[in-house]
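The values are calculated or read from the model by the stated rules, or taken from the named source; none is laboratory data. It should be emphasised that the depicted structure is a prediction, and the values quoted were computed from it without experimental measurement. Cβ coordinates were reconstructed from backbone atoms using ideal geometry, including for glycine residues, and neighbour counts include every protein chain displayed.
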Amino acid sequence: MTATDIFDRAARRRRRDRAAPVYPAHDFLRAAMLEGIAERLAQVKRGFADVLDLGCFDGAFALPGARIARLDPGAAFARAAGGVQGDEDRLPFGDAMFDLVVAAGTLDQVNDLPGALALIRRTLRPDGLFLGAFLGGRTLGTLRGAFRQAEAARPAARFHPLVDVRSAGDLLMRAGFALPVADIEALDVTYRDVGRLLGDLRGMGATNLLASRTPLRRDTIGAVAGAFADAGDADGRTHEGFEILFLTGWAPDPSQPKPARRGSATASLAGALTAKG
């Protein structure tokens, strides 16, 4: 870990290894991400021979007929999926090795996200496709509010900084992707108590990984549980939101459509509006 790291890399590896045995009971978020990626992939009318599953978890991503290399930050996930252990911002792959890279569920925990996206683009062949999904800025709003209430006198860093959809599009462009698209889907989940939510977060390796984190005290947990319950509905269940941010980008290639050159339009906006009136 360096002085500029936002996340504790060693803690991330340990927690993913701890989550691996119980992950199938807590995989609903990545399942939703993979479903969204599959829908986007179905709209692409071409085949992919060499694929990288980046942040592979249990290796659930499949693409019939493709050769799939897998990488995960956790050694247990990587081993179980037949892949390699590594960080997304330190990829051990050469340039132009893949024609598709899929990254579902881990890029929100990367210290150097711009660098990771640039490396992903470099691993793609010309006209190769990147499809990513990770948690966006409006995730865990109810739990965040419960912690703000519980720690109003002495707030502590408990939650990861998250990317919004506009920033995600900008990051794709900065990384050199062509035809970048960023969009979001919202997922609402109800919980009987905060313990169930925290159990899901532990089971998917998504608890606090901040390098500057501080331990939770028992009285804080009790106050958070009370505030979370107070936000519940008439049935005693509390709604929690997860925002899934989807990214699509292509490695540049001369065959791709180009945006129109500025000043090349043959009709003026004023003229169009006049004709419409």
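Of note:
- Just one of the numbered conditions (1) out of contact with any Asp or Glu (no Cβ under 9 Å at 6 or more places or on another chain); (2) closer than 30 Å to Gly128 by Cα is not true of Arg202: (2).
- Set Ala275, Ala270, Ala260: member being closer than 30 Å to Pro126 by Cβ, modelled with pLDDT under 95 and either surrounded by fewer than 17 Cβ atoms within 10 Å (Cβ to Cβ) or in contact with a Cys (Cβ under 7 Å, 6 or more places away or on another chain) (or both): Ala260
Here is a yes/no grid of residues against (1) surrounded by fewer than 20 Cβ atoms within 10 Å (Cβ to Cβ); (2) under 26 Å from Leu187 (Cα atoms); (3) modelled with pLDDT under 95; (4) not small (Gly, Ala, Ser):
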| site | (1), (2), (3), (4) |
| --- | --- |
| Thr2 | yes, no, yes, yes |
| Asp5 | yes, no, yes, yes |
| Ala11 | yes, no, no, no |
| Arg15 | no, yes, no, yes |
| Arg18 | yes, yes, no, yes |
| Pro21 | yes, yes, no, yes |
| Arg30 | no, yes, no, yes |
| Ala38 | yes, yes, no, no |
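- Residue ranges of helices (runs of 4 or more DSSP H) in segment 1-103 with at least 3 members in contact with a Leu (Cβ under 7 Å, 6 or more places away or on another chain), of a type in the set (A, V, I, L, M) and closer than 21 Å to Phe134 by Cα: 28-42
Per-residue answers, yes or no, for (1) part of a helix (DSSP H, G or I); (2) more than 20 Å from the chain's Cα centre (by Cα); (3) buried (at least 18 other Cβ atoms within 10 Å of the Cβ):
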site: Pro155; (1), (2), (3): no, yes, no
site: Pro161; (1), (2), (3): no, no, no
site: Ala186; (1), (2), (3): no, no, no
site: Leu197; (1), (2), (3): yes, no, yes
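- Hits in segment 214-253 (condition: over 30 Å from Phe98 (Cβ atoms), among the hydroxyl-bearing types (Ser, Thr, Tyr) and either touching a strand residue (DSSP E or B) at 6+ places or on another chain (Cβ under 9 Å) or buried (at least 20 other Cβ atoms within 10 Å of the Cβ) (or both)): Thr238
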